[in-house]
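Next up is a structure, given as structure tokens.
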Amino acid sequence: MNAMGGSEYDRAPPPRYDTPPVQSAPAALPPPTCWKCGYNLSGVRVDGQCPECGNPIWSVPPSASDDKVATTAFILGISGVVTCVLCIGPLAIGLGIPAIILGRKASIEAVALQGRPGSSRGTARAAVILGWVTVGLSVLWGLFWGGLIAAEFLA
């Protein structure tokens, strides 16, 4: 035991300065793979297609359209919640339902991308949640105002 509470065996030995440091080889690039099925495209003609799924080699994953759908659904969800908070509750259901539908569509497309870059799974999930919150708040507002109107007529 030393003064710091550990033993002298807990520390790594100091580096030796009489030998040069070992240089590692530069990392090789990963083999090219098909974005759709993951097939190793090493040795395939550049202008060809993936032998596994038939996808053109130079095609781009469909991430831009997914992002637009998810972003649109997210904006609809936020707008619906804001509309509910501004006391226009029952009208906000017109924003909540499209947010749910578009959010589910974007979520399904994001799952098809399997977590690849450009996947907007989180935005789509948030849009669906905001859509359901909007629908729930709209129903509560409708019940509240319906109860007030019914109480006014019954009184």
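Taken together, the values in this text are just the output of simple stated rules run on the coordinates, not laboratory data. Everything numeric in this text was worked out from a predicted model, so none of it was measured. Glycine gets a Cβ as well: all are built from the backbone with ideal geometry, and neighbour counts include every protein chain shown.
For Cys50, list long-range residues whose amide hydrogen, built 1.01 Å from N in the peptide plane, is under 5 Å from its own amide hydrogen.
Counting only residues 5 or more places away or on other chains, the set is Asn55, Ile57.
For each of Arg125, Arg11, count neighbouring Cβ atoms within 10 Å of the residue's Cβ, then give the residues from fewest to most.
Values: Arg125 17, Arg11 10.
Fewest-to-most Cβ neighbours within 10 Å comes out as Arg11, Arg125.
Fewest Cβ neighbours within 10 Å first, please rank Ser120, Ser24 accordingly.
Ser24, Ser120
Moving on. Once the cut-off is 20 Å, how many percent of the Cα-Cα pairs in the stretch 66-155 end up in the long-distance tail? All intermediate terms of the calculation are to be shown ahead of the outcome.
On the way: 1620 of 4005 pairs.
Summing the P(r) tail past 20 Å for the stretch 66-155 gives 40 percent.
Between Thr33 and residues 5 or more places away or on another chain, which pairs have amide H atoms under 5 Å apart, with H built 1.01 Å from N, and which residues are they?
For Thr33, the qualifying residues are Leu41.
If you don't mind, there's one more thing I want to ask. Tell me, what HN-Hα J-couplings in whole Hz come from the Karplus equation 6.51 cos²θ - 1.76 cosθ + 1.60 at θ = phi - 60° for each residue of the stretch 82-91, using x for Gly and Pro?
4, 5, 4, 5, 7, 6, 10, x, x, 6
Order of 80-89, 41-50 by packing, highest average Cβ count within 10 Å first? Please report the intermediate quantities before stating the final value.
Details: 80-89: 17.2, 41-50: 12.0.
For the peptides 80-89, 41-50, the packing ranking is 80-89, 41-50.
Right, next: Please compute the modelled spin-label separation between Gln23 and Val133, points set 7 Å along Cα→Cβ, answer in nm with one decimal.
5.6 nm
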